[in-house]
Structure formats: structure tokens, C-alpha cells
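What follows is calculated from the coordinates using simple rules that are stated; it is not laboratory data. Model, not experiment: these values are computed from the prediction. Here the Cβ positions follow ideal geometry from the backbone for every residue, glycine too, while neighbour counts run over all protein chains shown.
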Amino acid sequence: MRPLVLASVVLLAACGSPPRPPQETQADRLNAAGSDALIAGRPRAAAARFTAAAEASRSVDDRAGLSRDLHNRGMALLAAGEAEAAVADLSESARLADAAGVEAHDRARTNLALSTALVHLGRLDAAAEAVAVAMLAADADGDSSLRARVRATRAAIALRRGDLDSAQTDLDAAQPMCGPDDGALGAVAVNRGHLRTVRGETVLALADFELAAGAFRRASDQAGIAAALEGAARACEAASDRVGAAERWRRAALVPSGGEPARQRRLAEAERLDP
């Protein structure tokens, strides 16, 4: 059974087809409620619901369900600005997914999410290891849009390391794999925007960030919208458009992603650029 993708959270499907006991049904309902809260921009409320779901899964020793719950709580914690806690949850989710024999598609998504959280912490070597695991699982599954997301994340790591050629290669390969998946389209476009900003192609970069923002809005991905607006702000500043940059930082500050520290950082960037 394929997972449901809600915002940037992936609800990992538990293995097996027998009827689910009441505790597991409750975990399913709690995960759905958590996803609704995350889409609404309330990551801490989402994390609380995913915690309750994890308790329900533990009560019946459902390792696949617990892997799903911890994945989702990790994504909620990341949205709340708690990257260290997110890494802990996502690492345990990946371990449980392996132990429970969760299908390749879901293992790829968890390791991809782990890689994203590690990039937030600047732990690039660990992020590269996680994305390599995600790549193997995504290639085994055969979902082209998932493989596009993995390559976009690998490109982001290459950009952080200053390896522009590797980033370009991955983004070129990822683009035709996206299909109609708005999340994949946004991930490729936002990283292509970063690459073009580094290369001084600010007009093209701004177009990529606008494309990414639109894709992420359609996917209800708050973290993606914030990333696209921040990228556009940096591209504007690189083009000496301080007014445009400040305006985009303020728009990014309105997006409920990254918690209060992220909001304050975005507002400080806007103030720095004010005349």
C-alpha cells in the first residue's frame, strides 16, 4: 500500500493486510489529525498527535506503525525548528523500518527525510550517507518522482559542499523524473534556483524560486514555500535589489515553518536590508 503524502509529511503504511485492532485504528486517526495540524501550520500540535499515535503503536508492538509515527513526528519537529529531535526520531524510524521489512518506497522516504534534517544541522557527511540509502531504496522501488526528490536532495548537499557540477548533473537528471508531482517539481526548482544564484544567474534563479513556490503551495508544503521565498530573497540581494529581498524575507517570516527562531531570523534579515 502506497503512503499518503500530506504536506511534507509521509504517512507510512503499515505492512500486512489483517483487520487492524482498535489501538492501531486509533493510531491511524491520530496520524491523520497530526497531518491536518501540520498543513494548518501548527507543527507542535501535530507532534503531540504523532506522539499519541506512537504510544498506540507501541502498545500493540506494531514496529511498522511506530516507524510511520516517528517519521511523521520527526517531520513535525523539523517544521517546529527542532532539528536535533527530528534527527533522533527519523533515525529510529529508519531503523524500525529496516527491522519490520517496510517496503522500499517508505524506507526511501524516511531516509530522505533524515537527510533533509541532517542538512539543516550542517551534518553533510551523515546527510550524504542517508541520501545514498534513500537512493538505493528509491531505485529498487522504481517511483520516478521519488527518485527525483532524492536527486534534488543530493544536489542540495553538493551545493553546500561547493560541487556545482555534481549538483547540476543531479538536477538535470531529476527534472524529467518529476512528472506531475508538485513536491518533486518544487524540490528540483528550488535547488536549481540556488545553483543559479551561486553562478550569478539571478534572473533565472528568481524564475526558479517562483516556480518552486507555486509548486509547494499546490502541495501544501509550508517548509518548501519558506525555502523558495528565502532563496528568492537571496537572489534579489545578489542582484542588488534590497527592497525586493526584504519583501521576500518578510513574506517568508509569515510562513509557519521552522518555529519562532526561523521567524525571527527572517525578520532580522528584512530589517538588515531596510534603508
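Note on the range 101-214: Cα convex hull, mean projected area over all directions, 6.7 nm².
For the chain, the relative contact order comes to 14 percent (Cα pairs under 8 Å, sequence separation of at least 6).
Note that the range 108-115 has calculated 3J(HN,Hα) couplings of 4, 5, 5, 5, 5, 5, 4, 4 Hz, one per residue in order, obtained from phi through the Karplus relation 6.51 cos²θ - 1.76 cosθ + 1.60 (θ = phi - 60°); glycine and proline are x. Here the relative contact order of the range 188-240, from alpha carbon pairs under 8 Å that lie six or more residues apart, stands at 40 percent. The angle between the Cα long axis of helix 259-273 and the main principal axis of the chain comes to about 0°, on a 0 to 90 degree scale.
Shown for H194, H120, H71, H105: other C-beta atoms within 10 Å of each C-beta, ranked fewest to most, produce the order H120, H105, H194, H71.
Ordering L254, L159, L118 from the fewest to the most neighbouring beta carbons within 10 Å gives L254, L159, L118.
Between the entries (i) 125; (ii) 146; (iii) 109, the label attached to volume of the Cα convex hull per residue in Å³ calculated for this structure is (iii). With only the Cα atoms considered, the range 171-248 has a convex hull volume of 67 Å³ per residue.
Shape summary: the range 134-275 maps onto an equivalent ellipsoid whose semi-axes, from the alpha-carbon gyration tensor, are 27, 17, 12 Å in decreasing order.
Relative to the dominant Cα principal axis of the chain, helix 202-218 is inclined by about 30°.
For the chain, the longest principal axis of the alpha carbon atoms and the long axis of helix 43-59 meet at an angle near 20°.
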